[in-house]
Amino acid sequence: MDYMLILPEIILTITGIVLILLDLGLAEDRKGAVPAVAGIGFLAALAGLGPSVGQNTQVLWQMYSIDSVSLFFRTLFLAVGFMAVLVSWEYARRTKMAIGEFYHLLVFTTLGMMLMASTHNLIVIYLGLELSSISSYVMAGMLQDEPRSGEAALKYFLIGSVASAIALFGMSLVYGLTGTTDIVDAVGRLQLAPPALVVTAGLFLLAGFGLKVGMVPFHMWIPDTYQGAPTPVTAFFSVGPKAAAMAAILRIFVLSFLGLPALGAGWRLMIAVLAAISMTFGNVTALLQTNVKRMLAYSSIAHVGYMLVGIAALPPRDLSAVLTYLAAYAIMNLGIFAVVILVEDQGQAPEIDAFRGLAYRAPWAAVAMAVFFLSLVGVPPTIGFFAKLQLFLAAVDAHMVWLGVILGINSAISVGYYYSVVKVSFLRDAEGVPPVRAAWTISAAVVLLAVGTLVAGIYSDTILRWTASGVTLLMR
Amino acid sequence: MVSLHGYLVLAAFLFGLGLYGALARTNAIRILMAIELMLNAVNINLVAFAQYLTPGLVTGAVFAVFVITVAAAEAAVGLAIVLLVARQRGVIEVDKINLMKW
């Protein structure tokens with residue numbers, strides 16, 4: 001039965017509608033229940049993935065793919081959504097955000113990302129993209145009294161809409177060249193189309209989705225949006241919509257552009273060069289930052305560069321390197337943002353100085369932060385190390401040793417700015433900074449993610465095997 | 001009858017115009033209008049392709065209907081955000097909205 005396979009999407013839709021109704025019906029002082037409903041919705045949707053395990057089929061008139069790649073992304077997005085509920089709980093209460101609106105937007109953004117990652121059809125990719133984008137523009141501007149939040153929302157909206165329009169123009173060209181919106185059908189027909197037009201369509205798609213993931217030279221909105229948006233929203237943006245756009249790039253490019261024998265080599269070289277520039281630019285600029293949110297924004301540009309290494313190294317290696325890195329990045333980046341939110345919840349601006357003496361104020365949080373930073377740099381035994389190792393091996397296998405070397409050098413550069421935060425936490429005393437009083441939700445998120453970073457590192461073999469099994473399906 | 005070529009040239013021109021407007025203008029409302037222009041260029045493309053390349057199949061036209069719907073939603077949210085910024089700052093010129101700079 002088709003409907004059992006899209007159970008998570010159905011549950012999320014119902015949760016979103018229930019949240020809207022709760023927002024309308026509940027008295028202002030009872031809205032505390034709203035995040036709990038959202039969290040339960042995400043957990044129920046995760047449970048709803050059960051019937052999809054091990055399936056490889058197309059449902060809803062060939063519009064929706066249930067395969068192991070889509071299972072991977074749906075699990076990832078639902079888990080990210082659940083963690084976003086945990087990390088935003090106390091923050092939303094403290095900043096008096098419009099809770100009802102915030103959580104239903106979070107649910108619908110997640111739904112849009114799931115649609116985007118589990119389809120071969122350009123129309124559905126576009127609808128998923130817009131459902132998630134339009135909801136997230138609003139989320140960036142949730143702090144109505146904070147001008148930076150409004151500025152972040154405006155910049156995100158303008159750049160995001162231009163990006164959607166550019167990607168859409170590329171989609172219309174693909175449709176014109178092939179007469180179909182199904183990427184799988186389009187692959188064969190693209191090989192008969194004039195190469196110049198195929199390249200044009202590909203460039204539009206790459207520019208559009210490149211803007212969405214924030215790779216250089218399409219990164220300029222990332223720092224402002226990430227700094228201005230409410231921190232839990234930034235945490236969510238940095239992993240969720242990024243991974244969804246990456247999923248769309250994987251589906252479209254791996255299937256229809258990298259696969260073209262005549263053009264494949266040129267695309268791969270271009271993506272490799274963009275990857276190298278993204279990581280170097282992101283890491284070097286991050287060194288100059290004093291605001292931790294802005295620093296992590298530049299760091300996220302660098303991490304997009306790392307992921308592009310995995311795409312450039314296709315097809316000799318499979319997708320497992322990219323997918324593993326996406327999962328690793330989601331865990332460790334959400335973790336580090338959870339620590340930033342924890343510090344902000346003590347009433348401090350997210351400057352590096354706010355982390356002074358964190359090791360004495362909340363030793364467990366400082367240790368967790370160190371684990372996340374070690375993972376982001378790529379130090380064993382964390383998941384970050386194993387994921388980055390896979391990317392490096394992929395680059396070497398694809399005869400792009402230079403790219404692997406740049407990846408290694410960049411990991412070394414990133415130590416510089418990550419260490420600056422760790423240093424003030426452990427080596428400076430806590431004089432003049434408030435003691436840490438953490439709500440149980442944010443503490444639970446920090447601990448869960450820190451344990452996840454270590455445990456996933458130990459079981460990285462299993463993750464690799466799981467992601468590798470999806471490759472053949474995506475490539476079919 | 002106009003050839004497919006004509007429609008594609010028109011769409012490319014409109015798209016270029018919209019992209020130029022989005023990049024060169026500083027008033028947020030004007031940028032919003034330029035974005036609408038880009039989306040409508042895509043619609044011309046889609047409908048022209050559907051009519052000339054796959055007569056009888058309406059995939060392209062259906063795609064265009066979805067694009068129109070989404071464009072309306074996007075404009076609604078966009079105007080709300082512009083309104084928020086206008087209320088907070090009193091300006092909607094994007095080059096004057098620069099609290100954050102590195």
*Give the residue, chosen from A:Thr280, A:Thr290, that is within 14 Å of another protein chain (Cβ to nearest Cβ), polar (S, T, N, Q), farther than 15 Å from A:Leu250 by Cα and touching a residue at least 24 places away in the same chain (Cβ under 8 Å).*
A:Thr290
*If you scan region A:1-59, which residues turn out to be under 19 Å from A:Gly100 (Cα atoms), out of contact with any Gly (no Cβ under 7 Å at 6 or more places or on another chain) and not in a helix (DSSP H, G or I)?*
A:Leu26, A:Ala27, A:Gly32
*What is the residue count in region A:137-165 for residues that are in contact with a helix residue (DSSP H, G or I) (Cβ under 6 Å, 6 or more places away or on another chain) and either within 7 Å of another protein chain (Cβ to nearest Cβ) or among the polar types (S, T, N, Q) (or both)?*
15
*region A:86-135: number of residues that are facing chain B (nearest Cβ under 10 Å) and part of a helix (DSSP H, G or I)*: 11
_Count of residues meeting criterion [part of a loop (DSSP other than H, G, I, E, B) and either at pLDDT 85 or above or over 13 Å from A:Trp466 (Cα atoms) (or both)] in region A:304-328_ = 5
_Return the residues of region B:1-57 that are within 14 Å of A:Ile159 (Cα to Cα) and small (Gly, Ala, Ser); say none if nothing qualifies._
B:Gly18, B:Gly21, B:Ala22, B:Ala24, B:Ala28, B:Ala34
*When you go through B:Leu32, B:Leu57, B:Leu19, B:Leu23 one by one, which is the residue that is surrounded by 12 or more Cβ atoms within 10 Å (Cβ to Cβ) and more than 12 Å from the chain's Cα centre (by Cα)?*
B:Leu57
_Which of the numbered conditions does B:Gln88 fail, given that it passes all the others? Conditions: (1) within 7 Å of chain A (Cβ to nearest Cβ); (2) among the polar types (S, T, N, Q); (3) farther than 20 Å from A:Asp224 by Cα; (4) more than 19 Å from the chain's Cα centre (by Cα)._
(3)
*asked:* Being surrounded by 23 or more Cβ atoms within 10 Å (Cβ to Cβ), facing another protein chain (nearest Cβ under 9 Å), at pLDDT 90 or above and under 19 Å from B:Leu8 (Cβ atoms) narrows it down to one residue among A:Leu205, A:Leu168; which is it?
replied: A:Leu168
_Qualifying position, being farther than 23 Å from A:Gly310 by Cβ, of a type outside the set (S, T, N, Q), in contact with a Leu (Cβ under 7 Å, 6 or more places away or on another chain) and part of a helix (DSSP H, G or I), among A:Leu197, A:Leu250_ = A:Leu197
*Could you please tell me which pairs satisfy a Cβ distance under 8 Å, a separation of 6+ or placement on different chains, a first residue in region B:58-78 that is farther than 10 Å from B:Val47 by Cβ and at the interface with another protein chain (Cβ under 9 Å from one of its Cβ atoms), and a second residue that is exposed (fewer than 14 other Cβ atoms within 10 Å of the Cβ) and among the hydroxyl-bearing types (Ser, Thr, Tyr)?*
none
*asked:* Among the numbered criteria (1) closer than 22 Å to A:Arg189 by Cα; (2) more than 7 Å from chain A (Cβ to nearest Cβ), which one does B:Asn45 miss?
replied: (2)
*Kindly provide the set of residues from region A:180-202 that are surrounded by fewer than 17 Cβ atoms within 10 Å (Cβ to Cβ) and over 30 Å from the mean Cα position of the chain (by Cα), ordered by number.*
A:Gly188, A:Arg189, A:Gln191, A:Leu192, A:Pro194, A:Pro195, A:Ala196, A:Leu197
*Is one or more of the residues making up region B:3-17 out of contact with any Phe, Trp or Tyr (no Cβ under 9 Å at 6 or more places or on another chain) and either in contact (Cβ under 8 Å) with a residue 60 or more places away in the chain or of a type in the set (D, E, K, R) (or both)?*
no
*Identify, from the list A:Pro223, A:Pro241, the residue that is in a helix (DSSP H, G or I), more than 14 Å from chain B (Cβ to nearest Cβ) and not hydroxyl-bearing (Ser, Thr, Tyr).*
A:Pro241
*Collect the residues in region A:10-34 that are touching a residue at least 40 places away in the same chain (Cβ under 8 Å) and crowded, with 19+ Cβ neighbours inside 10 Å, keeping them in residue-number order.*
A:Leu12, A:Thr15, A:Gly16, A:Leu19, A:Leu22, A:Val34
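The values are calculated or read from the model by the stated rules, or taken from the named source; none is laboratory data. No experiment lies behind these values; they were computed from the predicted model shown. Virtual Cβ from ideal backbone geometry, glycine too; neighbours counted across all protein chains shown.
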